[in-house]
Structures are given as structure tokens and as C-alpha cells.
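Only the coordinates and a few stated rules stand behind these numbers; no lab work does. For clarity, every value in this text was computed on a predicted model and none was experimentally measured. Here the Cβ positions follow ideal geometry from the backbone for every residue, glycine too, while neighbour counts run over all protein chains shown.
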Amino acid sequence: MKSKYDMLVIGGGPAGALAGKTAAEKGLSALIVEKRPAIGAPVRCAEGIGKEALCEFIDPDPRWISAEMTGATIVAPDGFVMKLGSEMAGSKVGYVLDRKIFDRELVWKAAEAGCDVTVKSRAAAPILEDGAVKGAKIEHAGKTTDVRADVVIAADGVESKFSRWCGIDTTVPVREIMSSVQYVMTDIDIDEQSTVFYLGNEVAPEGYLWVFPKGKRSANVGIGISGKKSGEGHRAKDYLDRFVKKTFPEGKTIEYIPGGVSVCRPLANTAADGLLITGDAARVVDPLTGGGIYNAMYTGRLAAEVAAVCIGKGDVSRKALMMYDRSWRESKLGKSIERNYLIKEYVIKLPDTKLNEIIHSVSNINMKEFSTINLIKEIIRVNPKLVLELGVLAASLR
Amino acid sequence: MLKVHRDICGYCGCCVSVCPEGALELIDAYLSVEKNCTNCGVCAKVCPLGALEVVDEE
Ligand SMILES: Cc1cc2nc3c(=O)[nH]c(=O)nc-3n(C[C@H](O)[C@H](O)[C@H](O)COP(=O)(O)OP(=O)(O)OC[C@H]3O[C@@H](n4cnc5c(N)ncnc54)[C@H](O)[C@@H]3O)c2cc1C
Ligand code: SF4
Ligand code: SF4
């Protein structure tokens, strides 16, 4: 660890790893600081990712893929099952990762490209000069060191504090935090090639419960419920325990994972003087699915690309760095976050009876391109009445 | 006063993200509560495990 870098990255998750790797590839000196003693552990994720999304960043490798998915299953509140698959029956549509290894691989790739990495090293405060971010105070093994940088990338996840210390409000509204728990379970009867989503106010109010296969007779079994619906006696853990007792009474839990996923709109502002905010810290999780691995990698890489240009021009002011904020908002990713936010707002208000009705309308869909948006388009196609209810939103879905 | 039941907490950071005061910080496997906590209880509500509790000060 040196005392000065072109770029300093706070957090060694997917966002930070991609930022560090991209910076090094662009010829910048960069450092990733990770507060935990090990990259990737403990896992706080159901580890699902679409095939195309993953391949945009890295070629699938059996070392960090737990299971390959050929479809998805949605279970309505009344138990009715909807099956989603590819037009090409049996072809892969997504993966369930092993993030302990995957996250390490991403950081390893950053290191290989020339980025410095330090673990059990916490950014404890920003270095601020005339309101501009100039680096961070890094705590490691009882010592605090000043690390200065032209640009700091906040990639510090859902528990992000760094941008808040720089004066940016990152508070997630209570109703828009998915209060989550997941058990990694073994010795259970599952469909080993399909992710399963359970919907309904009894099962998971304003959220969903998932069973994501991790290989032979094992799966990530988890739940996210709206923070608004959480409270003593009816927390995420209470709902999950009830489900597990009923569905997998003989299963064994080998990992116990609480977590929080933001499903709010992204931060109003993801750039400041000398600072860019990425991944969960920027609240760019897909509000409908709660998926954030791809979004973290995307924003991490983009942030480093923009930082490299700005550092090259000698201007790291907010005005110059705003190119990052504009680019991701205008991208396919930015647009799908906004659209899925509106869909989520609609879906969470649906009573169970209505959800049943919608899911009953399509029991089998085989999609040319497997995606949430194509599923929604198909649902609207067979339920033309929904167009009226969705109003303006429907127009953007055609 | 906000009490952290450390035997229940799974250090996930869910609570940190909703605190309007920025009074919580997850320092690896240790949740710290700063003095500016107003005992509003928002964090205790969302904790998936029920590890936080606002208790009367003695
Ligand atoms: C229960 C659950 C299930 C999920 N399921 C899925 C899923 O199936 N698919 C999907 O795509 N997404 C899923 N997500 C979301 C996904 O896990 C996140 O979106 C993704 O990890 C975000 O990556 P990130 O790099 O932004 O943040 P993180 O992966 O959280 O990484 C942030 C890192 O920063 C470190 N850090 C924080 N503060 C500091 C500091 N001050 N100094 C140094 N380091 C610091 C943290 O220790 C952490 O390692 C799920 C999340 C949860 C909680
Ligand atoms: S939300 Fe609960 S389990 Fe998670 S860090 Fe906060 S107190 Fe601990
Ligand atoms: S009680 Fe309120 S102010 Fe105190 S830590 Fe919790 S959310 Fe923050």
C-alpha cells in the first residue's frame, strides 16, 4: 500500500473489483481497500445471475458456478405454478454462482491487471479539502494511514458510509429496504435446474421467497420482505422459518445469512468533487428482482472508465465526473432500473387474488430471450386489461 | 438507548442503510452505534433477525 494513487476504491465486492481492474487496465495506479478479512465472505447473496449478464463481464468458469439454470418457476399465492423456460428447451438461461470464489476471482483479476489490494483495511473517514474528496483514512491492524487519490470510488455496498461522510444522503426509505434472510440448505428435494420464486402476502409481504439451486439436493433458500412489513414476531426470519418447516422439514442448514437489499430509486447524485459512487452504495439494485451483481459490475467498470478520462484531462471536479452519472442513467441499465421501479410499485400493491389471476393466465412461457421484461410483456399480452391499469408505464413495455 | 444483541446480530448492514442519522456503522463483524442516535427505532424494525432493541435508559 502506497500513500498516493490515481484511484482509491472503497470495497472489494463486484463493483470495487471491476473498478480496480478497469483502472489498472487503463494504466492508472489503483488500490482496493476491503474492511473484511476475506474477499467474498460471508456471502450476502442468493447468487443468481442471467447468462448474458454474466458473460458481458467474464466467461463462466466451473470453479465458481454452483449450478446452471434452464428455467425459472413462479409460485402464485394459491400455489399455482408458472414455468418459464427458453424457446430452445433445456438451454441455459442463467447461473447460481459461488460468490465466495466468484468475488475472489474478480479481485484476483484486478490484482493481475496491476491493481493493489489490501484486506482487513477499513476506510474510516474521507480526506476532504475545500469540499473535494482527496482520499481516505485507512485503518489497518491498529494503524491509520492517509491514502490520497485523484478520484475515490465508493463501492462499499448496502452498508455504505463513505459517501454519507462526504455529505451525500444515502438513507434507504424503510419501505424500500428488503429485509432478508437466507439459509444455504442441503439434503432437500428440489428441481436442480430451476430457480423458484414464491409470491404472496402470506409468504413474503411486498417481496418474495426464493429457492435457488446450488447443485445436488442443495439450495439457497431465502426471503426478502419490505422493511415496512417487518417487526417483532413477523420478521424475515419468522417467515422463512415457517416456510422451511413446512417445505423442507428434513433439510439441514449449513449457512445462515441475514441481509438488506435496497429497492428504492438510485441516489439522486452519484458524483461529487473527486468521488464516484457505484453498486449497492449508489442504490442501483434492480428494484423488481433485487438483483445487483450485474449492476455493481457495470457501474464499477463505468466509474473507472470515466475517472481515467477525467484524470487524464486533469479535471476531477463534480462537473467533469458527472459524465459517469449521466452515462449510466442513459444506458439500458439505467432505463431498466427506472422502468422496473415503476413495475415494482405496481406489483407490491396487488392483492393476492389479483396476483393469482395474473399468474393463472400463463402457465407456461418459453421465451426467445429469457428476461424479466419479456415475461412482463407476455403477461400484458394475455391480460390486455392490465394496459389500462399500468397507464403510461404500459406504453414503455410494448 | 439502542441495544445491540450481539448474540443475535449477523452483521449484515441492513440496519445501517435505513438509519436517517447515519448513526450505525458495520465494522466488519461489529455493529457500532454513534452518539447521534435518536432512538427512533427504524433500524430495530427492519432488522431481519430482531437483534436491535430500543430500551429505556436507567
Ligand atoms: C439476501 C440477498 C440476496 C441477493 N440475491 C441476489 C441475486 O440472486 N442476484 C443478484 O444479482 N444480486 C443479489 N443480491 C444483491 C447483491 O448481493 C449485491 O447487489 C452486490 O453484492 C453488490 O455489489 P457491491 O460491490 O456494490 O457491494 P458488496 O458486494 O456489498 O461489496 C461491498 C464491499 O465493501 C466493503 N466495505 C464496506 N464499507 C467499507 C469501508 N468503510 N472500508 C472498506 N471496505 C468497506 C464490504 O465489506 C463489502 O465487501 C442479493 C443481496 C442479498 C442481501
Ligand atoms: S440488520 Fe440486524 S443482523 Fe443485520 S447488522 Fe443490523 S442488527 Fe445485525
Ligand atoms: S434508533 Fe434510529 S437513529 Fe438510532 S441507530 Fe437506529 S435508526 Fe439510527
- Query: How high is the relative contact order of the stretch A:257-342, given as a whole-number percent (alpha carbon pairs under 8 Å, six or more residues apart)?
  - Reply: 35
- Item | For A:258-269, mean number of other protein chain Cβ atoms within 10 Å | 3
- In chain A, which whole DSSP H runs stretch at least 24 Å along their own axis (Cα) and average 0.5 or higher on the Kyte-Doolittle scale? A:293-313
- Task: Using the number of other C-beta atoms within 10 angstrom as an exposure proxy, rank A:ARG104, A:ARG235 with the fewest first.
- Result: A:ARG104, A:ARG235
- Item | Exposure proxy order (Cβ contacts within 10 Å, fewest to most) of A:SER317, B:SER17 | A:SER317, B:SER17
- Note on the structure: For the stretch A:1-130, percent of DSSP beta bridges that are antiparallel (nearest 5) comes out at 65
- Hey, got the average number of other protein chain Cβ atoms within 10 angstrom for residues in A:237-244? 1
- Just grab the label-to-label distance for A:ALA38 and A:ASP352, each label 7 Å out from Cα along the Cβ direction, in nm (one decimal). 4.0
- Message: Multiplying the sequence separation of A:LYS368 and A:SER91 by 0.36 nm and subtracting their Cα-Cα distance, what value in nm do you get?
- Response: 98.6 nm
- Note on the structure: Percent relative contact order for chain A, counting Cα pairs under 8 Å at least six residues apart, stands at 21
- Note on the structure: In terms of the charge dipole of the stretch A:14-76, which places +1 on Lys and Arg and -1 on Asp and Glu at the beta carbon, the residue among A:LEU54, A:ILE74, A:ALA17 farthest towards the positive end is A:ALA17
- Task: With a Förster radius of 22 Å, plug the Cβ-Cβ distance of A:VAL119 and A:LYS319 into 1/(1 + (r/R0)^6) and report the FRET value to the nearest 0.05.
- Result: 0.05
- Query: Just going by the charge dipole of chain A, with Lys and Arg at +1 and Asp and Glu at -1 on Cβ, which of A:ALA268, A:PRO384, A:GLY251 is farthest out on the positive end?
  - Reply: A:ALA268
- Item | Shielding score for B:17-24, defined as the mean number of other chain Cβ atoms within 10 Å | 6
- Magnitude of the charge dipole, the stretch B:2-54, Cβ model with Lys/Arg +1 and Asp/Glu -1, debye to 20: 120
- Task: In debye, nearest 20, what is the charge dipole magnitude of the protein assembly as shown about its Cα centre with +1 on Lys and Arg Cβ and -1 on Asp and Glu Cβ, if you could check?
- Result: 520
- Note on the structure: With the 8 Å Cα cutoff and a minimum separation of six or more residues, the stretch B:2-54 has a relative contact order in percent of 47
